[in-house]
Amino acid sequence: MPVNILNLPGLNVQDFKETDDDYHVKASPLEIVRCCPHCDRSDETVSHAWRTLVIRDIPSHGKAVAIHLDVPRLKCRSCNKTFTAPVLEVDAGREMTMRLSQWIGRQALEYTYADIAKQVKVDEKTVRNVFDEYVAVLEKQFKRETPIWLGIDEIKLKRFRAIFTNLHGRSLIDMLPDRYTSSVVSFLESLPDKERITHCAIDMWPGYRRAAQEALPNAKIVVDKFHVVSKANAAFDIVRRKIAKESNNGAGLGLKRAH
């Protein structure tokens, strides 16, 4: 049995068992962290008992992985309190490895909570909480770059939601839960160095124009030509159909074929 079967350097693998749906690995920590979480002293802790934790890890070969981890219970003679020795690789609050927490966060970007919970055999609520924390960390790390040419449009996902794009970079900047003028203004005001925006391309919705005028007073507001052309084509079709309906000499057919 190779010691690094889990590829976790802080754990010593002692036994391994495979079932139809799971891998069960018995292990123990190579080093014991003796620092008391109650008084921060490490020189007064003594072994008190042992406890076996069932720690979930990232799935392997399509099977869930459970680590049966033997860890000591320690007693601090300074404050007379007991605690379970922490293991660096383990997220003790959720009884899973730290790398599983990261794995769940990444997987939840593409798969449902229910699918992930079934795959690793944890509660669906746990998956949701892990993902929320993962997203919070990403938001702290994310640095939004304000473009020179800003695009504002919307997409309908149950409701209309404002989206912001970098027109030069051809990339998405962000999406709001709605497209209220107040929400758009708040977002624009939050952009770092918003003064560097020279042009703002919008559709014909007045809310975007009001928001841009309020939050970006120095930027030139441009209506996206797609919306202008689509409106012009729609108006042309109305006139064409009207002429076709009133004409008896085929004028409407000629307009239909015209470019």
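Which one is nearest to the chain's Cα centre (by Cα) among residues in segment 106-153 that are under 21 Å from THR165 (Cβ atoms) and aromatic (Phe, Trp, Tyr)?
As a first pass, look at segment 106-153 and keep what is under 21 Å from THR165 (Cβ atoms): 109, 138-139, 142-153.
Of the ones still in play, those that are also aromatic (Phe, Trp, Tyr) are 142, 149.
Details: PHE142: 11, TRP149: 26 Å.
My answer is PHE142.
Table: residues versus (1) without any contact (Cβ under 8 Å) to a residue 24 or more places away in the chain; (2) not acidic (Asp, Glu).
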{"residue": "GLY10", "(1), (2)": "no, yes"}
{"residue": "VAL13", "(1), (2)": "yes, yes"}
{"residue": "ASP20", "(1), (2)": "yes, no"}
{"residue": "TYR23", "(1), (2)": "no, yes"}
{"residue": "LEU30", "(1), (2)": "yes, yes"}
{"residue": "CYS35", "(1), (2)": "yes, yes"}
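Against the test of being closer than 18 Å to MET98 by Cβ and in contact with an Asp or Glu (Cβ under 9 Å, 6 or more places away or on another chain), the options PRO9, PRO59, PRO37 yield a single qualifying residue, PRO9.
Taking only segment 181-192 into account, find how many residues are hydroxyl-bearing (Ser, Thr, Tyr) and either part of a strand (DSSP E or B) or over 12 Å from ALA212 (Cα atoms) (or both).
Within segment 181-192, the first condition is being hydroxyl-bearing (Ser, Thr, Tyr), and the residues that meet it are 181-183, 186, 190.
If we keep only those that are either part of a strand (DSSP E or B) or over 12 Å from ALA212 (Cα atoms) (or both) as well, we get 190.
Of the residues in that region, 1 qualify.
Answer with yes or no whether ARG99 is surrounded by 14 or more Cβ atoms within 10 Å (Cβ to Cβ), of a type outside the set (A, V, I, L, M, F, W, C) and assigned by TED's automatic domain parsing to the domain that holds ALA136. Criteria met by ARG99.
The values are calculated or read from the model by the stated rules, or taken from the named source; none is laboratory data. Just so it is clear, the structure is predicted and the values come from calculations on it, not from any experiment. In this analysis, Cβ positions are derived from the backbone assuming ideal geometry, glycine residues included, and neighbour counts consider all displayed protein chains.
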